[in-house]
Structures are given as C-alpha cells and as structure tokens.
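Trainee: Would you mind keeping the following structure in view while I ask a few things?
Derivation of every value follows stated rules applied to the coordinates shown; laboratory data play no part. Worth saying up front: this structure is predicted, and the values here are computed from it rather than measured.
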Amino acid sequence: MWSYMGNERKKRPPPSFLSQHHAERHNSSNSSSSATINSEVSVTNNSQSQSPISSFYFEFGISLDDYSRLQQAVYWAEPDRSITNVSMSTSPAHTTFIIENLKDSYQIGEELFVLVHAKDFNNKSKSYGGDFFQAKLFWSKTKASVFGEVVDLLNGSYSVRFLLPWVGEAQVAVRLIHSSEAVQVLKRHRDTDSDRVYFNGYYEGPGPNKTRLSETVKCNVKWDKNGLESMGTGDCCCEYNDPRTRETWRCQRPKSLPCSALVYHSMGGYRNLLTNEEKKLMTQTNKDINGDKSIIKIYNHQNETTGMLVNNLTKNSTDMQISWKMCCSKKEELIFRHCKSK
C-alpha cells in the first residue's frame with residue numbers, strides 16, 4: 001500500500017539521466033572548482049573531490065567507454081525527411097529479400113547471408129534505415145526454426161546473417177514488424193505520453209450525518225511532467241510513496257475527502273493518443289515480405305566422409321574374403337584330385 005507523504009515530506013530529487021549527466025560534466029569542465037564527492041560514494045576519507053569520469057562511474061557503475069558502446073548498440077536510425085503521407089513509409093508488399101550467393105548445398109555450421117531491400121508504397125527504394133525486420137530460418141516438416149541477426153546498413157538495405165544449425169532442409173522468411181516511420185511514432189509516444197496508461201484511486205471516509213463518502217479519481221506514476229499536467233497543477237493532487245518500489249504516485253485530490261482517505265487503487269485503462277495518420281501507419285505492421293523461397297540443403301559432410309570410408313573398408317574386406325574362399329576352394333580341389341589319382 002502507498003504511504004501518504006503529506007505536506008511535511010521532503011521532496012526527493014528527480015532521477016539522474018545520462019544526458020543530464022553529460023551536460024553537468026560539460027559545465028563542470030568549464031569550472032575551476034573540482035566536484036565534491038558525495039558521501040554515499042566516497043572511497044577514502046582523504047579524497048574530497050573526483051574527476052568527471054570517476055564521478056560518472058560512481059553514479060552509474062559503468063565507464064564512459066562502456067556507455068558509448070551501449071549507445072552505439074541501441075542506436076536506431078531515423079527517417080532523413082519529413083513524412084507527410086503513409087505512402088512514403090516502408091511497404092511490406094513492395095519490400096523484398098534475396099539469398100546472397102546461394103549454393104547447391106551447405107555444411108552444418110556454415111553462414112547464410114540474406115539481403116533485404118526496403119521500398120515504399122510507390123515502389124521506390126528507401127534511402128535510410130530504421131525499419132524493424134525479423135528474419136527466420138525454418139523448416140515446417142520438422143518444426144525447426146532460428147532467428148537471424150539483422151544489420152541495418154542505413155541506406156534502405158539490411159543484411160541478415162544465419163548460422164545453419166541443423167542437417168536437412170530449410171527456407172528463409174522475413175517479416176516487417178514496424179516500418180521506420182512507425183518506430184518513430186512509437187518512440188515519440190513513449191517519450192511524451194507517460195499517461196497513456198492510467199490508474200484509479202479509491203477514497204472512502206465519513207460524511208455528514210454519519211454517512212460514508214466514496215470517490216474515484218485518476219492516478220499515475222510521477223516520473224516526469226508529461227501527462228501529469230493534465231491532472232492539474234499546484235495543489236491539485238495527493239502524492240504517495242510506494243515503499244516497495246520507492247516510486248512517487250500522484251492522484252487527483254478528492255473533492256470531499258482528505259488525501260489520507262485512500263483505501264486502494266486499480267488499473268484504470270489505456271488512452272489511444274495516436275492521430276489518424278499514425279493509426280494508418282500501425283496497420284502496416286507484422287507482415288511477411290516477398291523473397292527467395294529456395295530450399296536450402298544442409299549436410300554434415302564429416303559424417304558422410306566417415307560413412308564412405310567405413311563402406312569402402314567393408315567392401316574391401318568382403319572382396320578379400322571372397323578371394324580367400326576362392327583360393328581355398330581351388331587348393332582343396334587340387335588335393336582331392338591328387339588323392340584320387342593314387
């Protein structure tokens with residue numbers, strides 16, 4: 001249960017984000033005074049200041065180099081132009097894929113490469129990346145499948161790498177999960193619409209003439225200002241601390257009951273904040289694209305070589321046995337003839 005924080009509560013500082021920390025580091029580098037070490041992360045009593053790099057590590061538990069690598073790993077390309085019409089987005093019907101340098105057969109453990117070529121609804125090749133593709137190697141008869149690694153080439157093309165993990169046959173399938181334009185829609189709403197999910201808070205308390213009052217209001221997590229301003233500003237709301245997650249929750253202030261009259265909360269619902277154009281974009285998601293349906297044959301050449309060697313040895317052994325029997329038969333015949341002549 002949330003605990004009411006009241007007017008005498010101490011306001012907790014907002015969470016530190018890496019982008020904010022970069023700005024702080026930039027400002028601190030222009031200042032002649034060194035940063036003071038927080039007592040919670042102090043290593044020695046003698047050290048009273050630390051460099052921005054060590055401050056970054058102590059606050060986030062990661063080096064700047066590792067952080068840079070993480071930023072590169074999660075980087076997602078964006079459209080290089082303003083999207084004014086759905087027809088400019090990636091079309092699953094016009095986008096295709098080919099298997100590069102397709103061979104008659106492969107060895108188990110070999111790599112297979114596929115190239116995806118994205119096009120818009122006007123059948124024009126796209127010049128930027130950011131599409132979300134899923135590529136799968138599969139064989140329906142054995143119900144075997146494995147996903148491939150998709151690499152955005154940032155020019156409208158995508159390279160897919162598969163490791164061939166089984167002996168037998170396989171085919172390739174590629175799906176467009178979200179176009180680059182739809183990804184940007186999702187990203188924007190994620191960053192700006194924190195109240196697209198809301199909760200209900202239920203208040204109960206004594207009323208006039210020994211009656212019981214009850215009110216239901218909207219609540220949400222207080223993690224940024226986006227969406228919360230729609231609940232009101234100033235003294236509009238009651239704030240509560242979740243002792244388990246240490247999150248601060250905010251509920252609209254009841255009209256007739258105090259903030260301490262909250263008894264429980266529940267899921268409220270979802271707000272669909274997409275525009276009509278954005279809704280059209282989201283209908284072109286999670287669809288198969290056309291491409292090379294060739295059957296890929298995968299062999300275990302090492303086992304085949306071993307089998308051929310065993311067969312050859314068996315055949316040679318059988319031939320030797322036949323020759324030996326023939327030799328023995330001729331020898332016995334000669335001895336029989338010699339005895340009969342005597």
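Trainee: Which pairs break 29 Å Cα to Cα here: LYS255/LYS279; LYS136/LYS222; LYS126/LYS187; LYS187/LYS255?
Mentor: LYS255/LYS279; LYS136/LYS222; LYS187/LYS255
Trainee: In addition: Tabulate in residue order the Karplus-calculated ³J(HN,Hα) for the range 98-112, using 6.51 cos²θ - 1.76 cosθ + 1.60 with θ = phi - 60°, rounded to whole Hz; enter x for Gly and Pro.
Mentor: 10, 8, 7, 6, 4, 10, 5, 7, 9, 8, 4, x, 6, 9, 10
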